[in-house]
Every structure is written in structure tokens, then in C-alpha cells.
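In what follows, a structure is listed as C-alpha cells, so that the remarks can point back to it.
The values are calculated or read from the model by the stated rules, or taken from the named source; none is laboratory data. None of these values were measured; they are calculated from a predicted model. Cβ sites come from the backbone with ideal geometry, for glycine too, and all protein chains shown count toward neighbours.
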Amino acid sequence: MKKMVFWFLCGAVIYPSVEVLWRGHSHWSMALAGGVCAVLLLYLNGLWGDLARPLRALLGAGLICMVEFLFGVVFNLFLRMAVWDYSALPYNLLGQISLRYFLLWCGLSYLLTWVFDRVWDGEDIREKIFRAVV
């Protein structure tokens, strides 16, 4: 459980930090989204750790986009907080996610799968996650 909390906190710091570097500001909801993404990526890496890293990066980018879309629907569309708006970008979905950022998340996911592989270095991550959750 400690590792799950650790990765949640890492995601909660890294995700909004990347956003600040990229666009100059962030929102508290992005820390929550980052933590959720980090834990879900850890879980994905554990479930499909045997897949090639590029494929896990694509799955991870899809997962991040899913989280970003759900947070966007809640914070931007439902609560009208105007945290971000990708409507002006090509290939966007309701202005909440876009192909451009999917490609960025592919790179980040690739890096994270590399980190997760090094941290566990052959240990059975599925068993560790199951014990941490149950």
C-alpha cells in the first residue's frame, strides 16, 4: 500500500508540474488526476508487464486520455471551471482531449513503464498490487 501512495503522490506532483512547464499554470484538479493516472499506469504495467514497452506506452496514453477526459467532463463541462479547453486543436473530443496530447502522453507513458520496470526489476508486480489493494 505504501508504494501505491508513493506513486499517487509522485503523479500528483509530476502531472501538474509538467503542465506548469508546458503552459505556465495548472489547477489543483490536475494533481488529483496525476495521482490517479500514476496508480492506474502502475496497475496497467503490472497486468500487462509482459507486453512490449511501446504497446504499454500506447495503452498508458489511452488510460491518461481517459482520465483527462473524465476530469475534463466533470471540471470543465459539468462544473464549468474552465481548467482547459482543447476546442481549437485539431482532432479533439469535446475540447477535453486531443491527438496532440495523446502523443505527448505516449512519450510520458513510455518513460514511466521504463521506471516501473526498473523499480520492480523482475518482481511479480501483480501479486504486490493485489496484496496492496486487498
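A few points about this structure:
- Hey, residue 43 among the hydroxyl-bearing types (Ser, Thr, Tyr) and part of a helix (DSSP H, G or I) or not: yes
Yes/no matrix, rows are residues, columns are (1) in contact with an Asp or Glu (Cβ under 9 Å, 6 or more places away or on another chain); (2) assigned to a loop (DSSP other than H, G, I, E, B):
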| site | (1), (2) |
| --- | --- |
| 12 | no, no |
| 34 | yes, no |
| 62 | no, no |
| 84 | yes, yes |
| 104 | no, no |
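- Hey, residue 107 at pLDDT below 90, of a type in the set (Gly, Ala, Ser) and out of contact with any Ser or Thr (no Cβ under 9 Å at 6 or more places or on another chain) or not: no
- Qualifying positions in segment 84-123 - more than 17 Å from residue 7 (Cα to Cα) and of a type in the set (Val, Ile, Thr): 97
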